[in-house]
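The values are calculated or read from the model by the stated rules, or taken from the named source; none is laboratory data. These figures come from a predicted structure and were not determined experimentally. Quick reminder, even Gly has a Cβ in these numbers, built from the backbone with ideal geometry, and neighbours come from all protein chains shown.
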């Protein structure tokens, strides 16, 4: 009987290979969550103590980029379409801000003057116009967003200086 009990014991116990087949999963406990919260609060408090505001792009540089883009488009369209410089500026401004009244349409004078010839050149100019407007709309939207962030940060800083806004407190 002793031989049968030793054989069943050998069958039920797994062979010792030095590794276990159990995966260890770490579940955050309340203590580790509190440690993480304390560490993030400490980092926020250090940032607030230094009065570090995020870097923003100045309003002047955004306005300069927008002005250069509109002036460049105005020159381009005044040369291509035979419009005056003010008309080209008006077209760029209304088109880039998606107002687009439709009183100036690029390609209209080009098709009239080209007749049946040079349609490929006219089509390429219209493609360039479309690319200019798409890139310009994205550029203007980005500049408006950057200016909004800059103004918001200045108002927030001014409110803190006046005592109207409190510093963020670690909770």
Please work out if residue 97 is under 27 Å from the mean Cα position of the chain (by Cα), surrounded by 11 or more Cβ atoms within 10 Å (Cβ to Cβ), farther than 30 Å from residue 41 by Cβ and at pLDDT below 95.
-> yes
Could you grab me the full set of residues in the stretch 114-151 that are modelled with pLDDT of 90 or more and either over 22 Å from residue 93 (Cα atoms) or more than 17 Å from the chain's Cα centre (by Cα) (or both)?
-> 127, 128, 129, 130, 131, 132, 133, 149, 150, 151
Failed condition for residue 81, given (1) under 30 Å from the mean Cα position of the chain (by Cα); (2) in contact (Cβ under 8 Å) with a residue 24 or more places away in the chain, with all others met?
-> (1)
